[in-house]
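Peer 1: Sharing a structure, written as structure tokens. Questions coming.
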Amino acid sequence: MAASVVRDIMTKEIVTIDGDSTAHEAAKLMTEKGISSVFIVKDGNPIGIVTERDFIKKICAKELAVSQVKIGDIMSKILTTASPDTPIEVAVQRMVNHKIRRLPIMERGKIVGIITVTDLAKHLRTTLLLEGALSDTGSIDDVIATMDDKH
């Protein structure tokens with residue numbers, strides 16, 4: 001049976017960092033974990049997300065010192081979320097509507113997962129394979145390989 005709700009395709013390993021941490025600490029954490037985004041928390045509650053793109057636009061392009069920038073100062077606010085039981089189609093629509101590549105999955109006020117464009121590409125590949133609509137798997141693998149590897 002094909003995946004139909006967010007729970008079926010979300011990444012469950014969530015990495016968080018306190019908003020008072022430096023951008024340098026966040027960059028080291030992201031490198032160690034092999035991820036391209038990290039959730040920012042304050043008092044244990046999610047308040048934002050920082051991505052590699054944030055580092056480029058908000059630190060590198062401005063030639064700021066990563067050890068001097070608080071990660072909470074460059075985070076993007078969480079624009080929308082989904083629950084684990086949200087249909088995948090609804091989650092995709094939220095991502096399109098808000099022009100985001102990562103969707104936090106929340107349950108009872110806590111982050112329990114994330115859906116990324118890579119997760120969606122893998123889901124699409126599986127769906128197409130199950131439907132027999134994809135005969136040349138190499139071409140879709142090439143597409144997936146060029147997308148974000150994890151988050």
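Nothing in this text is a laboratory measurement; each read-out follows from the coordinates by a stated rule. Just so it is clear, the model here is predicted, and its values are computed rather than measured. When we count neighbours, we look across all protein chains shown, and the Cβ atoms used for this are built from the backbone with ideal geometry, even at glycine.
Peer 1: Check each of the trypsin sites (Lys or Arg not before Pro) in segment 7-38 and keep only those in coil by DSSP with at most 13 other C-beta atoms within 10 angstrom; list them in order.
Peer 2: Of the trypsin sites (Lys or Arg not before Pro), the ones in loops of segment 7-38 whose Cβ has at most 13 other Cβ atoms within 10 Å are LYS12.
Peer 1: What do you get for GluC sites (Glu not before Pro) in segment 6-60 restricted to DSSP loop and a cutoff of at most 11 other Cβ within 10 Å of the site's Cβ?
Peer 2: Here the GluC sites (Glu not before Pro) that fit, given the DSSP loop and packing criteria, are GLU13.
Peer 1: So, one more: When the Cα atoms of the chain are enclosed in a convex hull and the volume is divided per residue, what value in Å³ results?
Peer 2: Per-residue hull volume (Cα only) is 112 Å³.
Peer 1: Do any of LYS33/LYS62; LYS28/LYS70; LYS33/LYS99; LYS33/LYS122; LYS62/LYS99; LYS28/LYS99 go past 19 Å between their Cα atoms, and which?
Peer 2: Beyond 19 Å between Cα atoms: LYS33/LYS62; LYS33/LYS99; LYS33/LYS122; LYS62/LYS99; LYS28/LYS99.
Peer 1: Here is a further query. Determine the sum of side-chain charges near SER83: Lys and Arg each +1, Asp and Glu each -1, restricted to other residues whose C-beta is under 15 angstrom from that of SER83.
Peer 2: So the environment of SER83 carries a net charge of +1.
Peer 1: With label points built 7 Å along Cα→Cβ from the Cα atoms of ASP85 and LEU128, find their separation and express it in nm.
Peer 2: Spacing of the two 7 Å Cα→Cβ label points: 3.2 nm.
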